[in-house]
Amino acid sequence: MKAGRREFLKLGLAASTALIPLPTFAQGAPARVVVVGGGFAGATCARALRQADPRIAVTLVEANATFTACPFSNAVIGGLRELSAQQFTYDRVAADGIVVARTTATAVDAQARTVTLADGARLSYDRLVLAPGIDIRWGALPGYDETAAAQMPHAWRAGEQTLLLRRQLEAMDDGGLVVISAPANPFRCPPGPYERASLIAHYLKTKKPKSKLLVLDAKDAFSKQRLFQAAWAELYPGVLEWVPLSKGGAVTSVDAATRTLVTDFGRHQAKVANVIPPQKAGHIADAAGVADRTGWCPIDPVTFESKLQPRIHVIGDAAIAGAMPKSAFAANSQAKTCAAAVAQLLTGATPSAPKLINTCYSLVAPDYGISVAGVYQPSASGQLAEVPGSGGVSPAGAPRASRAAEAVLAEAWFRTITDEVFG
């Protein structure tokens, strides 16, 4: 990755906030915005709205007192990091004058412009922002339900599942087979399964060298594929095997009792099985009527307003964002764009077409990082498209010193984004 582009992307976290115009509200009651979901998208949006104009009355609805971040959670699974390093409170969010409602949103009335909470209370809004993240499509993979996840963890929402998978790896005898099942697109964090495979392979190589890792994939291609595969050949020969769709990698069913994963080509019984199942937008998206038949949420790429319900915006993993991947940086960028648009819409102004930035780092080993980056803008198709020539990946064949430097940048990126959102 060229140094100039890297510096540009590092500035991206702050750049879009700096461009938010300051609206001037008419005299009267403050505009009310409710944000549902306190992850990278929701917490960023709530704070960006307050920065746009402190007179906006912002309520953040989030059931959890602590947010557990998915980026870098694969390092927790691989024994390189503790889960506590992934956890953040909402104290600073509340200090911005945002009302943090520690509860769950259960229903939305788009006509009455109200959000119903778990205790039956209702919040009125002028604009609603949904940032619900993902839900698992339980049962979409035959044999995989919530009970099965206790035996074959997905660990695709960071927290107890992350620790469960780590404990299973630690308890496995040397010589055991670990199997990862990667789903078809779309899903949260496109490079995530392959970073996870890398760091589990590192754990096996250093702690249980007689063990093997098998990746069964429902795809023939994935994010940063050439970089990952080159690193696997260098670092994990004989440890990690990737089986693509065309060679029978798609898992068609599982048996949790025996930790068996079934494909059209055979059965694989694992000592440790990590099943990453099909996903959809978080449940409140269905309740609000903003999810389509795909399970995800179509949005206007300028404002992130739902194409199905007026005055409701959807950001982060739940949104159909065209070429823009479902990542923490993307969620952060979308949240700032959405906040700017909402602040303008509340005054009757017309938001201008944005440019959004994403970058995603992956660790292949503790001292080996790779990345992909891009800039996105609304296109004539009504989707977000990558700006031609804006993106790229880490250079192939780079020296190990460059890979080590990217690993340091990855850690710095995580500290920067979590400090901005929660610090």
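Here, each number is a calculation from the coordinates, and none is a lab measurement. All of these numbers come straight from a predicted model, not from anything done at the bench. Glycine also receives a Cβ, built like all others from the backbone with ideal geometry; neighbour counts cover every protein chain displayed.
The alpha-carbon positions of segment 148-275 define a convex hull whose volume is 99 Å³ per residue.
Close amide-amide hydrogen proximity is noted between S253 and V262, each under 5 Å apart and 5 or more residues distant or on a separate chain (H modeled in the peptide plane; Pro and chain starts excluded).
Cross-linked pairs K212/K326; K205/K247; K205/K326; K207/K326: Cα-Cα separations exceed 27 Å for K212/K326; K205/K326; K207/K326.
Excluding A101 itself, what net charge comes from residues whose Cβ is under 11 Å from its Cβ, given Lys and Arg +1 and Asp and Glu -1? Show your work: numbers first, answer last.
Working: positive: R102; negative: E62, D119.
That works out to -1.
Sequence-distant contacts, meaning Cα pairs under 8 Å at least 6 residues apart, place the relative contact order of the chain at 19 percent. Helix 225-235 and the longest principal axis of the Cα set of the chain meet at an angle near 40°.
Would you kindly calculate the mean projected area, averaged across all directions, of the convex hull enclosing the Cα atoms of segment 61-202, in square nanometres?
Numbers: hull surface 44.8 nm².
For the Cα atoms of segment 61-202, the hull's average projected area reads 11.2 nm².
Taking Cβ atoms as reference points and 13 Å as the exclusive limit, the residues near Y368 contribute a net charge of -1, counting Lys and Arg as +1 and Asp and Glu as -1.
Per the Kirkwood formula applied to alpha carbons, segment 290-403 shows a radius of gyration over Rh ratio, Rg over Rh, of 1.06.
At q = 0.14, 0.25 Å⁻¹ the log10 of I(q)/I(0) for segment 97-176 amounts to -0.72, -1.16, computed by Debye summation with a single uniform scatterer per C-alpha, solvent ignored. The chain: percent of C-alpha pairs farther apart than 36 Å? Summing the P(r) of the chain above 36 Å gives 25 percent of all pairs.
Suppose a student asked you for the relative contact order of segment 148-275, using Cα pairs under 8 Å spaced at least 6 residues apart; what percent would you report? Let's see the in-between values first.
Details: 215 pairs, mean separation 42.3, N = 128.
Across segment 148-275, relative contact order equals 33 percent.
Electrostatic tally near G295: other residues with Cβ closer than 14 Å to its Cβ, Lys and Arg +1, Asp and Glu -1, net +1.
For the chain, modelled as a GNM whose springs connect Cα atoms under 10 angstrom apart, the maximal fluctuation among Q225, Q161, Q111 occurs at Q111.
Just from its helices, what would the mean residue ellipticity at 222 nm be for the chain, if runs of 4 or more DSSP H residues each count -39500 (n - 2.57) and the sum is divided by every residue, rounded to the nearest 500 deg cm²/dmol?
Numbers: 11 runs with 124 residues, N = 423.
Calculated at 222 nm, the ellipticity per residue is -9000 deg cm²/dmol.
With the charge dipole of the chain set up from +1 on Lys and Arg Cβ and -1 on Asp and Glu Cβ about the Cα centre, the Cα lying farthest toward the positive end among the listed residues F187, V290, A410 is that of A410.
In nm², what is the average projected area of the convex hull enclosing the Cα atoms of segment 239-331? Before the final figure, lay out the partial values.
Values: hull surface 35.0 nm².
Projected over every direction and averaged, the Cα hull of segment 239-331 covers 8.8 nm².
The base-10 log of I(q)/I(0) for segment 110-152, evaluated at q = 0.14, 0.30 Å⁻¹, reads -0.59, -1.07 [Debye formula, identical scatterers on Cα atoms, solvent excluded].
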